1. Considering the dipole of the chain built from charges on the beta carbon (Lys and Arg +1, Asp and Glu -1) around the Cα centre, which of M47, P217, V297 is farthest to its positive end?
2. Would you be so kind as to identify which of G148, P126, S88 lies farthest towards the positive end of the dipole of the chain, taking Lys and Arg as +1 and Asp and Glu as -1 on Cβ and the Cα centre as origin?
3. For the chain, take N as its residue count and report Rg(C-alpha) divided by 2.2 N^0.38 Å.
4. Under 15 Å from a point 7 Å along the Cα-to-Cβ line of R257: which residues of the range 1-16 have their amide N that close?
5. Enumerate the residues in the range 14-58 having an amide nitrogen under 16 Å from the point lying 7 Å beyond the Cα of R231 toward its Cβ.
6. Just to check I understand the Karplus step: with θ = phi - 60° and J = 6.51 cos²θ - 1.76 cosθ + 1.60, what whole-Hz values come out for the range 37-50, glycine and proline as x?
7. For V33, list long-range residues whose amide hydrogen, built 1.01 Å from N in the peptide plane, is under 5 Å from its own amide hydrogen.
8. Label T167 and S74 with points 7 Å out from Cα along Cα→Cβ: what is the distance between them in nm?
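Only the coordinates and a few stated rules stand behind these numbers; no lab work does. Nothing here was measured: the structure is a model prediction, and the numbers come from that model. All Cβ positions, even for glycine, are placed from backbone atoms using ideal geometry, and neighbour counts span all protein chains on display.
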Amino acid sequence: MKNKPIPGENAKDRLKAAEKDRLYRFLLSGGVVRGALVHGTRLVQEMRANHELGLLETLILGHAYIGGLLVASSLKGEDRAALKIECSGPVRGLVVEANARGEVRGYLQRVSIPVEKPPEDFNLSPFFGAGFISVTRYLHDAKQPFTGQVALQHGNIAQDLAHYYLTSEQIPTAFSLSVKFTSDGDIAGAGGLFLQVMPGAADTVTADLEKIVYDLPSLGEVCSGRGAMERFLQTHFKPLHPVLLDKPRVAFFCPCRRASVVRILRTLPIEDLKDMCENGPFPVELRCHHCNTVYHVNRDEMQALYLERINRT
């Protein structure tokens with residue numbers, strides 16, 4: 001993966017911004033509610049730069065990145081989770097993958113998303129239309145991945161993820177996903193919240209939690225300022241006695257490498273390899289969908305791949 005630079009930023013600024021991007025896992029009310037907070041401003045900025053996204057595309061994929069990290073917040077070790085949306089609207093769909101190490105990557109099915117008229121608000125349902133949202137967990141010790149899928153109900157990633165957990169896993173869950181922009185269209189802050197009420201929780205706990213969540217400020221706004229997420233947690237959830245478990249780093253990261261991407265060429269039919277060697281155009285461009293990194297293969301490398309295939313047949 002190659003990170004594209006963000007205009008006007010130096011190495012010190014980059015490291016300082018990346019340090020803030022973290023996942024805060026916590027418990028409420030003695031453990032009957034579990035939750036996670038994501039500060040993801042920097043990773044959404046990097047996502048936007050790499051995928052070369054406009055404001056609307058950044059908003060939608062940014063929500064999905066933060067949602068993917070929150071879905072993966074309960075994973076451990078080498079586990080990972082994938083969030084996928086397939087829909088009839090202009091978005092068409094998206095794929096996001098996050099792992100237990102706090103790494104997230106993914107892409108929109110369509111860039112740029114066609115817009116007939118400028119959106120009047122942040123209601124994104126017209127851009128999704130009808131479709132499905134699915135969550136797949138790849139657990140390291142499981143023989144097969146587990147996938148659950150439900151129909152889109154809201155055209156809102158946070159609400160549809162909550163609907164997924166309630167319908168597919170019968171767990172009352174709340175999500176809040178937020179990306180705040182400056183007046184110039186730059187990303188000022190990005191963050192998210194995940195809450196799950198465990199079986200056996202008292203009705204009073206659920207009622208108190210609903211009131212707190214209703215009064216919460218925008219997490220994009222919170223992440224755009226200097227306020228610490230730990231203080232946010234302790235201040236707003238104080239009546240439910242929050243206990244912070246850990247706060248690992250999160251980052252936009254794709255494990256693609258030039259060698260592994262170029263290896264894909266070896267799987268092409270030999271006739272296609274021959275045609276590419278003879279007609280190019282050179283350099284051949286290979287693009288990773290998950291991070292939009294482009295890898296180039298020159299004529300000599302293509303000839304070597306072609307000769308390798310001939311010798312193997």
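1. Highest projection toward the positive end goes to V297.
2. Towards the positive end, the residue furthest out is G148.
3. Details: Rg = 21.6 Å, N = 313, 2.2 N^0.38 = 19.5 Å.
Against the empirical 2.2 N^0.38 Å value, I get 1.10 for the chain.
4. From the range 1-16, the list is 1-2.
5. It comes to 20, nothing else.
6. Taking θ as phi minus 60°, the curve returns 10, 10, 9, x, 4, 5, 5, 6, 4, 5, 4, 4, 5, 5 Hz for the range 37-50.
7. It is L28, M198, by chain and number.
8. Each label point lies 7 Å from its Cα, and together they span 1.9 nm.
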